[in-house]
Amino acid sequence: MERIRPDARRIRRDIERLARLVAPDEPPFTRRAFSEQDRKARALVRRIMEQEVGLAVRVDAAGNLIGRRGGRRQGPVIMTGSHIDTVRGGGRFDGVAGVVAALEVCRRLGELQVAFDHPLEVVVFTAEEPSPFGFSTIGSRAMAGLLDEKQLAHTDERRRSLAEAISELGGSPQRLEEARRPAGSIHRFFELHIEQGPVLWDNGARIGAVTGIVGIQRYLVGVLGRPDHAGTTPMDVRRDALAAASEIVLAVERVCSASGGMVGTVGKLDIVPNAANVVPGEVLLDMEIRALDGSRIRAAAEEIRAAAREIAGRRGVELRWPAPSMLAPVVFEEALTGEIERLCRELDLPCWRLPSMAGHDTSNLARLAPAAMVFIPSRDGRSHCAEEWSRWEDVAAGAEVLGGLLRFADRQ
């Protein structure tokens, strides 16, 4: 079978074109979902889809931008794609590499006159990153039937509702149900993405065969002490909420460090009254635990909670430990992960098995169809920053693996 050899120069050109469509008054390379720059970037991708790749383009009710390549038969589609929005101060490759690689594969299929039995769709998902409306993966949630009217009513700092923002993208939130893909309508879903971590780079691998996407359990833990004068309150009678919270942070680090393949983070503390001369009376901790095994997440959370109880008792503070929010892990089919490895052997590309420690739109699409992810290395593991970088030849290699994966799915 003839190889689908992508053109790395076109890949570079398209990524660089999108990298210029960023907010001028924000850190590079910021392109937040629903912003003016996001709309301009979507318009560019639409032109590429229509004029350079020859896809039939539409915007669904949730604002997802979809380019379609017809198949010899009607029926379920093979879908691929990613996102083009960024976090504030994000990089040039996160999401964008997956969209550009998918479009280059479609270009090459056309140039090689390769026909598929299944229709093929390339999707730019709406708002994969955390959005001004308080949650992420908005477009893929809608496809999976996980976006509801209550969420559409969320507002941003401009008091614009999510429904209004989706309408500005050309979506039709009043017909949101039409964005939902019924069971059996998607044959397979694949996403190429940068790893966003150091594993591939450190091990000299060109491709990551992703085994699954970690589950994420989040807690908003309250530590209740007593505010007192910082100068007149003796150390041995203080009920310092921040000192107790600090020990809990270290307990999260200790428990998750002792368990390979798991990470735990306290990324935010809200301190009350947050004054230099007052013993902290209350602290809220945003805590999360990530792993590919949900039972291990629950066991780690219970161990951390037990440590927190001991800390609270010893320091004379109270704990509020509400029920967590939980994003379930996704484990990919072995047949698809194995096919990525087989393709890499055929193409002589060093490959490494690993889970995705970050969330992706694929988590939602995996509810609808067998799914897989192809990772490419991130230099020094950097991502969500201006220093985020992947080599052009690695993006092209990932695109070739993606093309082989699409052809494999079409034969199934």
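Data for the structure
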{"item": "Per-region count, segment 226-245, residues crowded, with 16+ Cβ neighbours inside 10 Å and either among the hydrophobic types (A, V, I, L, M, F, W, C) or assigned to a strand (DSSP E or B) (or both)", "result": "6"}
{"item": "Condition broken by T211, with the remaining ones in (1) on the phi > 0 side of the Ramachandran plot; (2) buried (at least 16 other Cβ atoms within 10 Å of the Cβ) satisfied", "result": "(1)"}
{"item": "Condition check for R92: basic (K, R) and closer than 26 Å to A358 by Cβ", "result": "yes"}
{"item": "Selected residue (only one of D25, D94 is without any contact (Cβ under 8 Å) to a residue 12 or more places away in the chain and of a type in the set (D, E))", "result": "D25"}
{"item": "Qualifying residue in segment 246-258 (condition: in a strand (DSSP E or B), within 36 Å of the chain's Cα centre (by Cα) and among the polar types (S, T, N, Q))", "result": "no"}
{"item": "Total residues in segment 334-367, condition open to solvent by 60 Å² or more (accessible area, probe 1.4 Å), of a type outside the set (A, V, I, L, M) and farther than 22 Å from A396 by Cβ", "result": "2"}
{"item": "Residue identified as over 24 Å from V374 (Cβ atoms) and touching a Ser or Thr at 6+ places or on another chain (Cβ under 6 Å) among A33, A61", "result": "A61"}
{"item": "Single unsatisfied condition, M79 versus (1) open to solvent by 20 Å² or more (accessible area, probe 1.4 Å); (2) in contact with an Asp or Glu (Cβ under 6 Å, 6 or more places away or on another chain)", "result": "(1)"}
{"item": "Segment 186-210, residues that are under 15 Å from E333 (Cα atoms) and in contact with a Cys (Cβ under 7 Å, 6 or more places away or on another chain)", "result": "A209"}
{"item": "Residue count, segment 36-56 (criterion: polar (S, T, N, Q) and either in contact with a Cys (Cβ under 9 Å, 6 or more places away or on another chain) or touching a residue at least 24 places away in the same chain (Cβ under 8 Å) (or both))", "result": "0"}
{"item": "Residues of segment 287-333 satisfying the condition of being touching a helix residue (DSSP H, G or I) at 6+ places or on another chain (Cβ under 8 Å), assigned to a loop (DSSP other than H, G, I, E, B), under 30 Å from V374 (Cβ atoms) and open to solvent by 50 Å² or more (accessible area, probe 1.4 Å)", "result": "A328"}
{"item": "Residues within segment 388-409 that are more than 25 Å from E16 (Cα to Cα) and polar (S, T, N, Q), tallied", "result": "0"}
{"item": "Selected residue (criterion: farthest from G139 (Cα to Cα)) from residues of segment 78-108 that are touching a strand residue (DSSP E or B) at 6+ places or on another chain (Cβ under 7 Å) and in a helix (DSSP H, G or I)", "result": "C106"}
{"item": "Residues (of a type in the set (D, E, K, R), touching a strand residue (DSSP E or B) at 6+ places or on another chain (Cβ under 7 Å) and more than 17 Å from G208 (Cα to Cα)) located in segment 345-387", "result": "D361"}
{"item": "Single match in A183, A241 (criterion: in contact with an Asp or Glu (Cβ under 6 Å, 6 or more places away or on another chain) and either of a type outside the set (S, T, N, Q) or closer than 24 Å to G359 by Cβ (or both))", "result": "A241"}
{"item": "Leading residue by the ranking (farthest from the chain's Cα centre (by Cα)) among those in segment 176-199 that are within 12 Å of H360 (Cα to Cα) and open to solvent by less than 30 Å² (accessible area, probe 1.4 Å)", "result": "F190"}
{"item": "Selected residue [at pLDDT 95 or above and either surrounded by fewer than 24 Cβ atoms within 10 Å (Cβ to Cβ) or touching a Leu at 6+ places or on another chain (Cβ under 7 Å) (or both)] from V100, V105", "result": "V105"}
{"item": "Matching entry among A8, A33, A19 (being closer than 28 Å to R407 by Cα, touching a helix residue (DSSP H, G or I) at 6+ places or on another chain (Cβ under 9 Å) and either surrounded by fewer than 19 Cβ atoms within 10 Å (Cβ to Cβ) or modelled with pLDDT of 95 or more (or both))", "result": "A8"}
{"item": "Breaking point among (1) under 23 Å from the mean Cα position of the chain (by Cα); (2) surrounded by fewer than 17 Cβ atoms within 10 Å (Cβ to Cβ); (3) at pLDDT 95 or above, for F135", "result": "(3)"}
{"item": "Members of segment 138-175 that are on the phi > 0 side of the Ramachandran plot and under 20 Å from the mean Cα position of the chain (by Cα)", "result": "G145"}
{"item": "Residue match in segment 111-129 (condition: touching a helix residue (DSSP H, G or I) at 6+ places or on another chain (Cβ under 6 Å) and without any contact (Cβ under 8 Å) to a residue 60 or more places away in the chain)", "result": "no"}
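The values are calculated or read from the model by the stated rules, or taken from the named source; none is laboratory data. None of these values were measured; they are calculated from a predicted model. So basically every Cβ, Gly included, is an ideal-geometry build from the backbone, and we count neighbours across all protein chains shown. Accessible surface areas use protein heavy atoms only, side chains included; no ligands, DNA or RNA. Shrake-Rupley method; radii C 1.70, N 1.55, O 1.52, S 1.80 Å.
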